[in-house]
Amino acid sequence: MEIYCTKDYEAMSRKAAAIMAAQVIAKPRSLLGLATGSTPVGLYRELIAGCTAGDLDFSRIVTVNLDEYAGLPGTHDQSYRYFMDHNLFDHINIDIANTHVPNGMAPDPEAECARYEARLRELGPADIQLLGMGRNGHIGFNEPGDAFIAPTHVVELTDSTIDANARFFASRDQVPRKALTMGVGAIMRARRVLVVVSGADKAQAVKAAFAGPITPQVPASILQLHPDVVLVGDEAALAGLKGAGCLRCG
Ligand code: F6R
């Protein structure tokens with residue numbers, strides 16, 4: 001595992017974007033696994049700048065997103081499809097037909113999960129899977145539980161996740177209670193996993209995930225079993241790894 005500890009959010013975004021950009025340049029037909037949430041926004045901004053400057057070409061890139069809320073159409077400003085279009089896809093030269101996000105409006109969410117999983121299998125392993133991390137250690141919408149779930153599946157969001165995401169909705173009541181998420185199977189099949197974390201409120205989860213036991217109670221802890229994980233975080237988020245054997249963090 002590689003760990004990059006940066007001074008702040010902006011530096012984290014630049015470092016993580018450089019890793020994604022290197023992938024896009026090295027393999028113009030890369031399959032990129034993407035995430036939503038506030039953490040990757042700066043990274044996406046950097047990729048847009050790279051594309052605008054003519055340094056990055058996304059014309060042959062294919063993407064798969066981790067998750068989507070059940071019940072929100074892609075036109076809803078809190079849907080993850082909308083997030084991806086507005087924070088990245090609309091500003092780069094990607095073919096939108098090559099971007100994949102689970103369909104939150106599918107009448108049968110279980111069938112949609114099966115369809116998405118089959119598509120993931122067809123596309124093959126992501127060359128790089130970007131992940132943020134929840135304060136409870138979730139990745140995608142794989143919430144703490146009794147077992148790791150491998151395939152794409154429907155999840156009931158935990159109170160902690162609903163609370164964390166309520167800031168994006170007019171009220172807590174409007175936060176969807178269910179989501180469709182890639183399971184840990186496709187995440188672990190990715191050739192490389194890039195985890196981005198920022199802020200002191202992630203420090204506990206980062207410590208539990210990377211310096212604690214591997215347990216489904218901390219879904220991100222399964223990444224300890226992945227052979228190629230890059231963790232890019234600012235000092236505040238990585239503070240818990242200090243003294244836990246992380247050389248780059250002191
Ligand atoms: C988003 C996702 C989530 C977020 C996590 C962190 O597609 O799958 O797991 O990565 O909730 O969110 P932020 O970055 O907003 O703290």
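The values are calculated or read from the model by the stated rules, or taken from the named source; none is laboratory data. All values reported here derive from a predicted model rather than from experimental measurement. For neighbour counting, all protein chains shown are included, and Cβ atoms are generated from backbone atoms with ideal geometry for every residue, glycine included. Surface areas here come from the heavy atoms of the whole protein model, side chains and all, with no ligands, DNA or RNA. Shrake-Rupley method; radii C 1.70, N 1.55, O 1.52, S 1.80 Å.
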Set of the range 226-241 residues, backbone N closer than 16 Å to the point 7 Å along the Cα-Cβ line of R167: 234, 236-237
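Under 1.5 on a/c is rounded, so check that first for the range 26-161, then, if it is not, pick prolate when a/b is larger than b/c and oblate when it is not; a ≥ b ≥ c are the square roots of the alpha carbon gyration tensor eigenvalues.
Numbers: a/c = 1.66, a/b = 1.51, b/c = 1.10.
Prolate is the answer for the range 26-161, as a/c is 1.5 or above and a/b outweighs b/c.
Can you give the direction-averaged projected area of the convex hull of the alpha-carbon atoms in the range 1-79, in nm²? Intermediate values should be presented prior to the final figure.
On the way: hull surface 26.3 nm².
For the Cα atoms of the range 1-79, the hull's average projected area reads 6.6 nm².
In square angstrom, what is the accessible area per residue of the chain with a 1.4 angstrom probe? Display every interim value, and only then the final one.
Numbers: 10710 Å² over 250 residues.
Per-residue accessible area for the chain comes out at 43 Å².
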Helical segments meeting 24 Å axial Cα length and Kyte-Doolittle 0.5 threshold in the chain (DSSP H): 9-26
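Applying 1/(1 + (r/R0)^6) with R0 = 30 Å to the Cβ-Cβ distance of A22 and D90, what FRET efficiency is obtained, to the nearest 0.05?
Details: r = 23 Å, r/R0 = 0.78.
Computed FRET efficiency for A22 and D90 comes out at 0.80.
Work through the residues other than E46 whose Cβ is under 13 Å from its Cβ and net out their charges, Lys, Arg +1 and Asp, Glu -1.
Details: positive: R14, K15, R45; negative: E10, D55.
So the environment of E46 carries a net charge of +1.
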Compactness of the range 53-96 - radius of gyration and Dmax, Cα, Å: 11.8, 38
Local net charge near E156, Cβ-Cβ under 14 Å (Lys/Arg +1, Asp/Glu -1): -3
Candidate aspartates and glutamates for bridging to K202, where Cα separation is under 12 Å - those fewer than 8 sequence places away on the same chain excluded: D234, E235
When the convex hull of its Cα atoms is projected in every direction, mean area for the range 134-188 (nm²): 3.7
K178-K7 pseudo-label distance in nm [points 7 Å out on the Cα-to-Cβ vector]: 4.8
Protein accessible area in the chain, 1.4 Å probe - carbon and sulfur %: 52
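Can you tell me the order of 44-51, 193-200 when each peptide is scored by its average per-residue count of other Cβ atoms within 10 angstrom, highest first? Don't jump to the answer; show the numbers that get you there.
Numbers: 44-51: 19.9, 193-200: 23.0.
Sorting 44-51, 193-200 by mean packing, highest first, produces 193-200, 44-51.
Any of K15/K178; K27/K178; K7/K27; K15/K242 with alpha carbons more than 24 Å apart? Name them for me.
Distance filter (> 24 Å) returns K15/K178; K27/K178; K7/K27.
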Nitroxide proxy distance, nm - points 7 Å out along Cα→Cβ at K242 and A150: 4.1
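At 0.890 mPa s and 25 °C, plugging the Kirkwood radius over alpha-carbon pairs of the chain into Stokes-Einstein gives what diffusion coefficient in µm²/s? Can you show the working numbers first?
Numbers: Rh = 18.0 Å.
D, rounded to a whole number, is 136 µm²/s.
Taking square-rooted eigenvalues a ≥ b ≥ c of the alpha carbon gyration tensor, is the range 134-236 rounded, prolate or oblate, where a/c under 1.5 means rounded and, failing that, a/b exceeding b/c means prolate? Write down the numbers at each step before the final one.
Values: a/c = 1.87, a/b = 1.27, b/c = 1.47.
Note, shape of the range 134-236 comes out oblate.
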Dipole axis of the chain (+1 Lys, Arg; -1 Asp, Glu on Cβ), positive-most option in N98, P213, A70: P213
Potential lengthening between R189 and I214 on full extension [0.36 nm per residue; Cα-Cα distance subtracted]: 7.3 nm
